[in-house]
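Each remark here refers to the structure printed beneath this line.
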Ligand code: GAR
């Protein structure tokens, strides 16, 4: 059984989707969810789903405690699912090609520091883009710049609101993130 660890900062709907997806098979299991927000909704989701979940503070992230925990746990993949802090290079070096992120736009457009969640959709709408999508990529030491593993597009129209763009993007995320993870675990990503 492969081991997955998720890092999330907010609602955790992608985390829940990944947990549920792998619970229904025997390839992998989410063993742990870690969050940098003590009141993140992802903690409630994990309690309901019976998955261990813990909060960590900035000091634990910056000064090695979290990295030690991750090394000890030795996951097959570390999955970022709405995780908003920049991953330090020490993590990237410790887990080469094992840290994956999902970004709610078609990178390299609409990436970088401060571009997350609805802020991305607001920028996409402000530019009257005809399409948006998702990017699943390896994490390196720069925000949203690691090698792209998979992208999916969805069409937009002038009627789309921030909410409807977010809904379209979330639907793509729920459909494709677990499948891409599965492929990577099977070695045919
Ligand atoms: C997701 O749309 C994810 O792509 C995005 O945050 C949302 C988290 O939703 N991530 C970023 O913007 C990273 N830059 P969730 O907590 O419900 O999974």
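Could you pull out the residue among 32, 66 that is away from the ligand (no atom under 16 Å from the Cβ) and assigned to a helix (DSSP H, G or I)?
66
Give the stretch 53-64 a look and list any residue that's over 19 Å from residue 12 (Cα atoms) and surrounded by 13 or more Cβ atoms within 10 Å (Cβ to Cβ), or say none.
Of everything in the stretch 53-64, those that are over 19 Å from residue 12 (Cα atoms) and surrounded by 13 or more Cβ atoms within 10 Å (Cβ to Cβ) turn out to be 60, 61, 62, 64.
Which pairs turn up if I take residues in the stretch 17-29 that are closer than 11 Å to residue 51 by Cβ and look for partners that are modelled with pLDDT of 95 or more and outside any helix (DSSP H, G or I) with beta carbon separation below 6 Å, at least 6 apart in sequence or on another chain?
19/30; 19/51; 22/28; 22/29
Exactly one of (1) within 13 Å of the ligand (Cβ to nearest atom); (2) in a strand (DSSP E or B); (3) within 30 Å of residue 75 (Cα to Cα) is unmet by residue 149. Its number?
(1)
Please enumerate the residues belonging to the stretch 108-142 that are crowded, with 19+ Cβ neighbours inside 10 Å, closer than 14 Å to residue 164 by Cα and either touching a residue at least 60 places away in the same chain (Cβ under 8 Å) or in contact with a strand residue (DSSP E or B) (Cβ under 7 Å, 6 or more places away or on another chain) (or both).
124, 132, 133 - these are the residues of the stretch 108-142 that are crowded, with 19+ Cβ neighbours inside 10 Å, closer than 14 Å to residue 164 by Cα and either touching a residue at least 60 places away in the same chain (Cβ under 8 Å) or in contact with a strand residue (DSSP E or B) (Cβ under 7 Å, 6 or more places away or on another chain) (or both).
Looking only at the stretch 117-137, decide whether some residue is part of a loop (DSSP other than H, G, I, E, B), modelled with pLDDT under 95 and touching a helix residue (DSSP H, G or I) at 6+ places or on another chain (Cβ under 9 Å).
No, the conditions are met nowhere in the stretch 117-137.
Hey, could you check the stretch 40-58 for residues that are over 19 Å from residue 99 (Cα atoms), assigned to a loop (DSSP other than H, G, I, E, B) and in contact with a strand residue (DSSP E or B) (Cβ under 9 Å, 6 or more places away or on another chain) and say which is farthest from the ligand (Cβ to nearest atom)?
By that ranking, first place goes to 52.
Output the residues belonging to the stretch 89-109 that are outside any helix (DSSP H, G or I) and either more than 16 Å from the chain's Cα centre (by Cα) or away from the ligand (no atom under 16 Å from the Cβ) (or both).
95, 96, 97, 98, 108, 109
Name the single residue that is farthest from the ligand (Cβ to nearest atom) among those in the stretch 7-29 being assigned to a helix (DSSP H, G or I) and surrounded by 21 or more Cβ atoms within 10 Å (Cβ to Cβ).
Of everything passing the filter in the stretch 7-29, 19 is farthest from the ligand (Cβ to nearest atom).
The values are calculated or read from the model by the stated rules, or taken from the named source; none is laboratory data. The shown structure was predicted, so the numbers you read here are calculated from the model rather than taken from an experiment. Don't worry about glycine lacking a Cβ; one is built from the backbone with ideal geometry, like all the others, and counts go over all protein chains shown.
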